[in-house]
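The structure appears below as structure tokens.
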Amino acid sequence: MTLDVGVIGVGMIGQEHIRRLDGGAGGSRVVAVADADAGRATTVADGLPAAKVLPSGEELVASDAVDAVVVTSWGPTHEPYVLACIAAGKPVFCEKPLATTEEACRNIVDAEAAAGRRLVQVGFNRRYDPAHRALKQAVDGGAIGAPLLVHCAHRNASVPAHYTRDMSIADTAIHEIDELRWLLGQEIAAVQVLAPRRSSRGGELQDPLLVLFEMADGVLVDVEVSVNVHYGYEIRCEISGETGTVELADPAPVTIRREGTVAGLVPGDWRERFALSYDIELREWVDTVAAGRPPQGPSAWDGLVAQVVADAALQSLHSGGRVAIELPPRPGLYAPATAP
Ligand code: NAP
């Protein structure tokens, strides 16, 4: 059966996802789009054989033509669209963050728990990246013994002018927040954010940041968030365990040796580095919801926990010091299938 998808928000990642969803390997097509920028919606729909522009996200969710919804509008707009999908009983794939406040995420979790079935999946795509999956497999398989320390880096070549210091946490490091919970099977117990000397390449922006996480079992994690490195987009993760270490390999497909140097290409941006993860993420989502099964990927609960941790990190960034994390009670709907 073909899954007929509606997409709300057809900016950068909306168009990336549409490319995969329309006529994609999983048997889906895009039948409706909506965007605050009506001109952009029309341009995107014009390039798709079956898509209509609908005047609003609410009308898209309500449309009988739409089986399932992808929300790729800006974070602060996610909550009402996801709630409308739950009310309509339609599966919804919502890009990260699930919503931008703990309260909004809780509203979604409460609504889904009250509905009694999982409909929401959050776009934490690291879980679908083959390299990250291999990292998790090595840890889970005992290849390095019990994990002790984790060193991560999240480096962007550059960011748009409207990017703020808080976005380094709420939009960027939120990927590591979900990755660490998934990779280590542990909740994050506390966080501290440190601001080193500012890079002159970021103008007035406080860049980089160093984020320190304490996992519930005592594993310590450091994450460098740098968003103006200029040389490319780089994601690093090394886990140090009792009997060995495991790290993400260099993603360059080839290494060039010439004139006394060794070089490999660095991906330009997240689209290039994580292309395969988006392919797998959306194919698995389409396969699952088209078969009438609940989504198996990152849940609304995972979205809420990530937001609680991000809020604690922002508190540390603004006021300094270590902030302990207290999670709300987890509704039964989310236990125990979603890690941790
Ligand atoms: P973007 O390029 O700015 O696209 C967002 C689109 O949504 C724009 O066309 C925007 O229109 C539209 N929009 C804004 N408010 C809306 C509303 N209320 N209803 C419908 N459409 C609305 O942003 P993006 O970079 O694609 O990011 C979108 C989301 O994806 C964000 O939550 C972001 O964090 C997430 N993201 C995830 C990844 C990942 O790796 N998982 C990567 C990139 C982005 P205007 O331009 O007129 O405001």
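Miscellaneous remarks
- Some residue of region 77-92 being polar (S, T, N, Q), crowded, with 17+ Cβ neighbours inside 10 Å and within 14 Å of the ligand (Cβ to nearest atom): no
- Scanning region 227-269 for residues that are in a loop (DSSP other than H, G, I, E, B), in contact (Cβ under 8 Å) with a residue 12 or more places away in the chain and hydrophobic (A, V, I, L, M, F, W, C) yields a count of 7.
- Exactly one residue out of ALA146, ALA157 is within 22 Å of the chain's Cα centre (by Cα), within 28 Å of VAL193 (Cβ to Cβ) and small (Gly, Ala, Ser): that is ALA157.
- Filtering region 266-277 for residues that are away from the ligand (no atom under 15 Å from the Cβ) and buried (at least 17 other Cβ atoms within 10 Å of the Cβ) leaves a non-empty set.
- Condition check for PRO298: within 16 Å of the ligand (Cβ to nearest atom), within 30 Å of MET12 (Cα to Cα) and either in a strand (DSSP E or B) or without any contact (Cβ under 8 Å) to a residue 60 or more places away in the chain (or both): no
- Counting only strands (runs of 3 or more DSSP E) that sit completely within region 98-215, those holding 1 or more residues that are among the acidic types (Asp, Glu) correspond to 209-215.
- Residues in region 112-159 that are of a type in the set (Gly, Ala, Ser) and touching a residue at least 60 places away in the same chain (Cβ under 8 Å): 11 in all.
We did not get these values from a lab; they are worked out from the coordinates using the rules stated. Keep in mind that this is a model prediction, so the values were computed, not measured. Heads up, the Cβs are rebuilt from the backbone with ideal geometry, glycines too, and the neighbour counts pull from every protein chain shown.
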